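Asker: I am attaching a structure below and will ask some questions about it afterwards.
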Amino acid sequence: MTPAVTETPVAPEETATLQPSSSEKTVFTVWIPPQFDPQNGTPDGELFKSRLEEYSSQNPSLTIDVRVKDLSGPGSILNTLRTAQEAAPGALPDVIAIPRALMEKTAEEELITPFGEYAAFFEEKSWYSFADQLAVYNEKTYGIPFAADILVFAYQTGSFENPPGTWEELLSTSQAMIFPASDSDALVTLAFYESLGGEFAQLNDAYLVDRTPILEVLTFYQQAHQEEVMPFWLTQFETDQQAWNAYTERRSTQVITWSSSFLQANAPNTSLAALPTSNGKAFSYTTGWVWSLVDKGSEQVDVGVQFIDFFTEERYLAEWTTEAGFVPPLSSSMPFWGKDEVETNFFERVLPAANLIPSQKFLDHAGLVFQEAVISVLEDQMDPEEAVSQIQDQLQDQ
């Protein structure tokens, strides 16, 4: 028995339900983005489809209706939730698969419901500490993680005897280190800032940053620019995909990227290392995907919790993340993860040191401010002292 899978928008005749419905069955609706579509013919899609079939066979009183929703645009998960909540509550899903940033927005608008006492149901699982951070927003659990992505240093195998672990060692390579210098969220820069102990404090509607660590980061950028480790042309890269493409085109032998770019590309002759930091102490950023609940009544929430538990079982997560190009958020999944021993050992070392990226609310407020400062330094428009002053002034004025 296979759950129904529909696209958005969809005509009634396009919905194929292989598990026949009846008046005695309860419809349980799951919303997923296109990349996780169980009908897309990919290995991870096939695994998801098989898991859905298994869940359906164990729960014959349910008709599982899987609907594909975009992450942006008029028919997106967020917009459809808004519309359905006001105009057609019966069309709401029971569970949704969403990235962390979208979890924050839907939680802010009360479009998803906190797990409350149900959160304890998942505490027995062996989550990495970052997964606990990923699940919680405003001190409430709004999502159960099922896929993780971590910021890593990737390099051409054999280009180093030992990959650079510190900024000083990175400068000595005299090779361009590709990263999206014009990223509107400035995540690499913020990761370096937090690796130095920098914090983000909110005062009313303004944010405060520590001057010393951000000055140290931008001074490092200035030095890296002078040594051609961070040439001005890095400012043309706004996204991780652009930076990764430049690396695969051999514009350099080293890149800071998200692990999913590496894992989904099956990049040949590429090895991974932790991010270089000022003192060599391990630090990285992580983000990921979660299952969230939409409250349609206590009985449906009960089923939703059971569904999410079934789809976060350690062996299934290991197999699915292997094929989907993510890292499992459960440490107990790593022994079953299907990557080679070198990659598995690497992630087992760095995942405990991973920290959740700043909230989307902060990034929306401050990301462009940091982006402008980075561009100004790498294009010799400002020195680090001036750039830091600009950051502090702009954050306080917003």
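Asker: Could you grab me the full set of residues in segment 281-304 that are assigned to a loop (DSSP other than H, G, I, E, B) and touching an Asp or Glu at 6+ places or on another chain (Cβ under 8 Å)?
Answerer: Hits for segment 281-304 are 283, 294, 296.
Asker: Same structure again: Going through segment 130-186 one residue at a time, which ones are more than 20 Å from residue 346 (Cα to Cα) and among the aliphatic types (A, V, I, L, M)?
Answerer: If the condition is that a residue be more than 20 Å from residue 346 (Cα to Cα) and among the aliphatic types (A, V, I, L, M), then 134, 135, 136, 144, 171, 176, 177, 178, 181, 186 are the ones that fit.
Asker: Further question: For segment 74-84, what are the residues that are part of a loop (DSSP other than H, G, I, E, B) and touching a residue at least 60 places away in the same chain (Cβ under 8 Å)?
Answerer: 75
Asker: For the list (1) at pLDDT 95 or above; (2) in contact with a helix residue (DSSP H, G or I) (Cβ under 8 Å, 6 or more places away or on another chain); (3) surrounded by 15 or more Cβ atoms within 10 Å (Cβ to Cβ), I need the number of the one condition that residue 53 fails.
Answerer: Result: residue 53 fails condition (2) only.
Asker: Those residues that are small (Gly, Ala, Ser), touching a residue at least 60 places away in the same chain (Cβ under 8 Å) and under 21 Å from residue 283 (Cα atoms), I need them from segment 185-231; list them, please.
Answerer: Matches in segment 185-231: 186, 191, 195.
Asker: Answer yes or no: is there a residue in segment 367-374 that is touching a residue at least 40 places away in the same chain (Cβ under 8 Å), surrounded by fewer than 21 Cβ atoms within 10 Å (Cβ to Cβ), among the charged types (D, E, K, R) and over 30 Å from residue 121 (Cβ atoms).
Answerer: The answer is no, given that none of the residues of segment 367-374 is touching a residue at least 40 places away in the same chain (Cβ under 8 Å), surrounded by fewer than 21 Cβ atoms within 10 Å (Cβ to Cβ), among the charged types (D, E, K, R) and over 30 Å from residue 121 (Cβ atoms).
Asker: Could you tell me which of the residues 237, 232, 262, 220 is among the hydrophobic types (A, V, I, L, M, F, W, C) and surrounded by fewer than 16 Cβ atoms within 10 Å (Cβ to Cβ)?
Answerer: On inspection, the qualifying residue turns out to be 232.
Asker: Among the residues of segment 262-273, are any modelled with pLDDT of 95 or more and either within 21 Å of residue 385 (Cβ to Cβ) or acidic (Asp, Glu) (or both)?
Answerer: The answer is no, given that none of the residues of segment 262-273 is modelled with pLDDT of 95 or more and either within 21 Å of residue 385 (Cβ to Cβ) or acidic (Asp, Glu) (or both).
Let's see how each residue does on (1) at pLDDT 95 or above; (2) outside any helix (DSSP H, G or I); (3) within 15 Å of residue 142 (Cβ to Cβ):
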position	(1), (2), (3)
66	yes, yes, no
72	no, yes, no
86	no, no, no
90	no, no, no
98	yes, yes, yes
102	yes, no, yes
106	yes, no, yes
111	yes, yes, yes
119	no, no, yes
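Asker: Please go through (1) surrounded by fewer than 16 Cβ atoms within 10 Å (Cβ to Cβ); (2) modelled with pLDDT of 95 or more; (3) not charged (D, E, K, R) for residue 289 and return the number of the only condition it doesn't satisfy.
Answerer: Here residue 289 clears every test but (1).
Asker: Filter segment 97-139 down to residues that are touching a residue at least 24 places away in the same chain (Cβ under 8 Å) and of a type in the set (Val, Ile, Thr) and give me whichever is nearest to residue 66 (Cα to Cα).
Answerer: 98
Asker: Assuming residue 352 fulfils every condition listed in (1) touching a strand residue (DSSP E or B) at 6+ places or on another chain (Cβ under 6 Å); (2) assigned to a helix (DSSP H, G or I) apart from one, which condition is it?
Answerer: Among (1) touching a strand residue (DSSP E or B) at 6+ places or on another chain (Cβ under 6 Å); (2) assigned to a helix (DSSP H, G or I), the lone unmet condition for residue 352 is (1).
Table: residues versus (1) within 22 Å of residue 150 (Cα to Cα); (2) touching a strand residue (DSSP E or B) at 6+ places or on another chain (Cβ under 7 Å); (3) in the same structural domain as residue 259 (by TED's automatic domain parsing).
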{"position": "359", "(1), (2), (3)": "yes, no, yes"}
{"position": "362", "(1), (2), (3)": "yes, yes, yes"}
{"position": "365", "(1), (2), (3)": "no, yes, yes"}
{"position": "370", "(1), (2), (3)": "yes, no, yes"}
{"position": "375", "(1), (2), (3)": "no, no, yes"}
{"position": "386", "(1), (2), (3)": "no, no, yes"}
{"position": "392", "(1), (2), (3)": "no, yes, yes"}
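Asker: Looking at (1) touching a helix residue (DSSP H, G or I) at 6+ places or on another chain (Cβ under 7 Å); (2) of a type in the set (D, E, K, R); (3) modelled with pLDDT under 95, find the lone condition where residue 185 falls short.
Answerer: (3)
Condition check ((1) out of contact with any Phe, Trp or Tyr (no Cβ under 6 Å at 6 or more places or on another chain); (2) in contact (Cβ under 8 Å) with a residue 40 or more places away in the chain; (3) of a type outside the set (A, V, I, L, M); (4) assigned by TED's automatic domain parsing to the domain that holds residue 160) across all residues:
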residue	(1), (2), (3), (4)
274	yes, yes, no, yes
277	no, yes, yes, yes
280	yes, yes, yes, yes
294	yes, yes, no, no
298	yes, no, yes, no
305	no, yes, no, no
310	no, yes, yes, no
315	no, no, yes, no
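Asker: Is it the case that residue 277 is modelled with pLDDT of 95 or more and buried (at least 21 other Cβ atoms within 10 Å of the Cβ)?
Answerer: no
The values are calculated or read from the model by the stated rules, or taken from the named source; none is laboratory data. On a predicted model such as this, the values are computed, not experimentally measured, just so you know. We place every Cβ from the backbone using ideal geometry, glycine too, and count neighbours over all the protein chains shown.
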